[in-house]
Amino acid sequence: YSGVNVILSWVPIDGVTNEGLVSGMFDMLQDSQPDLSLDTVSESAFNVGLEPGLVIGFKSVDGSGGVAGGGLIGAWNCLDAETSFTITVTGQDASVVQLRFNRLINNFECAKG
């Protein structure tokens, strides 16, 4: 999506937390890229409409210590739809990653259906 990779996933709420979803996705990304080390650089709250979410920022570091890129992982619950969402946006340019994440989140709407 315009210079970044995006993964959107969803599961039934059934007791999952935003922290658990973000942590699970972070671990999956780390496990799928054994030649890179992922380091968390930020954590903050955000909203999807009225629903609270959690987002972490991370950087990818290669074996020589160089930054290879990074990304954002966010999670939130849509209570009316009884669904939890996780979005992962990765890329080489942090500004573009942030811009795309914001655009996707700002255009997401929790709706039953």
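Here are a few things to note about the model shown:
- Neighbours of Asp62, meaning other residues whose beta-carbon lies under 13 angstrom from its beta-carbon, give a summed charge of -1 when Lys and Arg score +1 and Asp and Glu score -1.
- Between the range 30-46 and the range 73-94, the alpha-carbon center distance in angstrom: 15 Å
- Counting only protein chain heavy atoms and rolling a 1.4 Å probe, the accessible areas of Trp76, Trp10 rank, largest first, as Trp10, Trp76.
- A value for semi-axes √(5λ) of the Cα gyration tensor in Å was derived from the coordinates, and within the list (1) 21, 19, 12; (2) 25, 15, 11; (3) 35, 19, 7 it appears as (2).
- Table column - 3J(HN,Hα) (Hz), the range 24-39, Karplus curve with 6.51, -1.76, 1.60, x for Gly and Pro: x, 5, 4, 4, 5, 4, 4, 5, 7, 10, x, 8, 10, 10, 9, 10
- Relative contact order of the chain, pairs being alpha-carbon contacts under 8 Å that are 6 or more residues apart, as %: 31 percent
- Each stretch of four or more DSSP H residues adds -39500 (n - 2.57); spread over every residue of the chain, this sum gives -8000 deg cm²/dmol at 222 nm.
- Only Lys, Arg, Asp and Glu carry charge here, each on its Cβ (+1 for the first two, -1 for the last two); on that basis the range 45-113 has a dipole of about 160 debye about its Cα centre.
- For Thr83, the residues whose modelled amide H falls within less than 5 Å of its own, excluding neighbours fewer than 5 places apart on the same chain, are Ile13, Cys78.
- Annotation: amide H of Ala68 within the under-5 Å range of Ser60, Val61, Asp62, sequence separation 5 or more or interchain, hydrogens built in the peptide plane.
The values are calculated or read from the model by the stated rules, or taken from the named source; none is laboratory data. These figures come from a predicted structure and were not determined experimentally. So basically every Cβ, Gly included, is an ideal-geometry build from the backbone, and we count neighbours across all protein chains shown. Just so you know, the surface numbers come from the protein's heavy atoms only, side chains and all, with ligands and any DNA or RNA stripped out. Shrake-Rupley method; radii C 1.70, N 1.55, O 1.52, S 1.80 Å.
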